[in-house]
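One structure is given here, and the rest of the page talks about it.
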Amino acid sequence: MKTALILFPRTTPQGSLSAFDWWVAAAADCGIEARIAFFEDFVVTDDGAFENGAPVRMPDIVVMRGYNTPLSMYFERGGCYVVNTWQAMQQSLDKRLTHACLRSAGIPTPPTVWSPSAISYDEAASRLGVPFIVKQHDGSRGVNVFLVGTGAEYEDALLACGGNALLQKFVSSSRGRDMRVWVIGDKVAGSVLRYSDNSFLSNYSQGGKAAPCTADGNAASLAVRASRCLGLEFAGVDLLFDEDGTYTVCEVNGNAGFRTLAAVNPGADILRTLFEYIISRHA
């Protein structure tokens, strides 16, 4: 039987205890002996890794449920099959890298400006139109994302992001709604429509709502291209709705949660699908 570590940060909400059990049970259904572990319990030395003082036996598989580049690199270089790799995770975490990857691959994504501290509000407005988006370049769950239309709002948003911001054109045709598409390998594993009645943000964690939604061929193809472009094997891709009926990639999440999918479609067994994929790749 193959073995797996499913690694989380300890900051993972304690309400996720049932989710931990779900991970372990889904792995077992696919013939994998998995256990949950936490980043903070590991120490890596020249003599190997230790978890709470005990030597770590290399598992066959490691699933990263957070961002820890050194630990991921340790397991990758030790011969473990890691989902997702540290490089893919970093390219999804840093929205500047995400944008660069997508643009170089010809994948549609909103016009973006980096290093906003070096650009005035007037120049940003000239490039992107008004209002435009200011967001923390390594943020998630819709935290520190602002729609700004004045110089004062711009300065406040930059301050809130702590200098770690990027600017993007606001896709007004998708105001308060987007499509989240989960991708495993080169296939779509699920999708939902996320929307808000009172905010430009549609994130479920920001009070948005979700409804069943089937990604059409164009949405599915774009989501898979975006995921593979970043080197991700498991991803959540957020698509915006353009005026002409096409889609634009807003963000690609290498640490995608699936609470929204479970709420909308309780029968969706995305973890089983993920572990079946892992087994197919690690035969």
_Extreme residue, surrounded by the most Cβ atoms within 10 Å (Cβ to Cβ), among residues of the range 158-205 that are assigned to a loop (DSSP other than H, G, I, E, B) and of a type in the set (Gly, Ala, Ser)_ = SER202
*Output yes when any residue across the range 257-267 is in contact (Cβ under 8 Å) with a residue 12 or more places away in the chain, in a loop (DSSP other than H, G, I, E, B), of a type in the set (Gly, Ala, Ser) and crowded, with 19+ Cβ neighbours inside 10 Å, and no when none is.*
no
*Is there any pair linking a residue in the range 236-247 that is closer than 11 Å to VAL181 by Cα and assigned to a loop (DSSP other than H, G, I, E, B) to one that is of a type in the set (A, V, I, L, M) and modelled with pLDDT under 95, with Cβ under 9 Å and at least six apart or on different chains, and which?*
none
*State whether the residues of the range 210-228 include one that is within 22 Å of LEU147 (Cβ to Cβ) and either outside the structural domain of TRP23 (by TED's automatic domain parsing) or modelled with pLDDT under 95 (or both).*
yes
*Considering the range 30-61 alone, what residues qualify as being more than 19 Å from TYR81 (Cα to Cα) and in a helix (DSSP H, G or I)?*
GLU40, ASP41
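Table: residues versus (1) surrounded by 19 or more Cβ atoms within 10 Å (Cβ to Cβ); (2) in contact (Cβ under 8 Å) with a residue 12 or more places away in the chain; (3) over 13 Å from the mean Cα position of the chain (by Cα); (4) over 15 Å from ILE278 (Cβ atoms).
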site	(1), (2), (3), (4)
GLY48	no, no, yes, yes
ASN52	no, no, yes, yes
PRO55	no, no, yes, yes
PRO59	yes, yes, yes, no
VAL63	yes, yes, yes, no
PRO70	no, yes, yes, yes
GLN90	yes, yes, no, yes
ARG103	no, no, yes, yes
PRO108	no, yes, yes, yes
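The rows are residues; the columns are (1) under 25 Å from PRO111 (Cβ atoms); (2) among the polar types (S, T, N, Q); (3) in contact with a Phe, Trp or Tyr (Cβ under 6 Å, 6 or more places away or on another chain).
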| residue | (1), (2), (3) |
| --- | --- |
| ASN164 | yes, yes, no |
| PHE170 | yes, no, yes |
| GLY176 | yes, no, yes |
| VAL181 | yes, no, no |
| ALA189 | no, no, yes |
| ALA220 | yes, no, no |
| ALA223 | yes, no, no |
| GLY231 | yes, no, no |
| THR248 | yes, yes, no |
*Which condition does ARG141 not pass, out of (1) in a loop (DSSP other than H, G, I, E, B); (2) crowded, with 19+ Cβ neighbours inside 10 Å; (3) touching a helix residue (DSSP H, G or I) at 6+ places or on another chain (Cβ under 7 Å), if it passes all the others?*
(2)
_Contact list please: Cβ distance under 9 Å, first residue in the range 143-164 and at positive phi, second residue part of a loop (DSSP other than H, G, I, E, B) and exposed (fewer than 14 other Cβ atoms within 10 Å of the Cβ), pairs at least six apart or on different chains._
ASN144/GLY162
_All positions within the range 95-138 that are under 28 Å from ARG225 (Cα atoms) and in a helix (DSSP H, G or I)_ = LYS95, ARG96, LEU97, THR98, HIS99, ALA100, CYS101, LEU102, ARG103, SER104, ARG127, LEU128
*Hey, could you check the range 135-170 for residues that are of a type in the set (A, V, I, L, M) and closer than 21 Å to GLY236 by Cα and say which is farthest from the chain's Cα centre (by Cα)?*
LEU166
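Please find, among LYS135, LYS95, the residue that is basic (Lys, Arg), out of contact with any Cys (no Cβ under 9 Å at 6 or more places or on another chain), surrounded by 20 or more Cβ atoms within 10 Å (Cβ to Cβ) and in contact (Cβ under 8 Å) with a residue 12 or more places away in the chain. I'd like the intermediate steps shown before the answer.
Values: LYS135 fails: out of contact with any Cys (no Cβ under 9 Å at 6 or more places or on another chain).
LYS95 is the lone residue from the list that is basic (Lys, Arg), out of contact with any Cys (no Cβ under 9 Å at 6 or more places or on another chain), surrounded by 20 or more Cβ atoms within 10 Å (Cβ to Cβ) and in contact (Cβ under 8 Å) with a residue 12 or more places away in the chain.
Is it the case that some residue within the range 208-219 is buried (at least 20 other Cβ atoms within 10 Å of the Cβ), within 30 Å of ALA125 (Cβ to Cβ) and out of contact with any helix residue (DSSP H, G or I) (no Cβ under 8 Å at 6 or more places or on another chain)?
Initially, the range 208-219 is screened for residues buried (at least 20 other Cβ atoms within 10 Å of the Cβ), giving 208, 215, 219.
Retained after the next criterion (residues that are within 30 Å of ALA125 (Cβ to Cβ)): 208.
When the remaining residues are screened for being out of contact with any helix residue (DSSP H, G or I) (no Cβ under 8 Å at 6 or more places or on another chain), the result is 208.
Yes: the range 208-219 contains one or more residues that are buried (at least 20 other Cβ atoms within 10 Å of the Cβ), within 30 Å of ALA125 (Cβ to Cβ) and out of contact with any helix residue (DSSP H, G or I) (no Cβ under 8 Å at 6 or more places or on another chain).
The values are calculated or read from the model by the stated rules, or taken from the named source; none is laboratory data. In this text, all values refer to a predicted model and were calculated from it rather than measured experimentally. Note: ideal-geometry Cβ built from the backbone for every residue, glycine included; neighbour counts use all protein chains shown.
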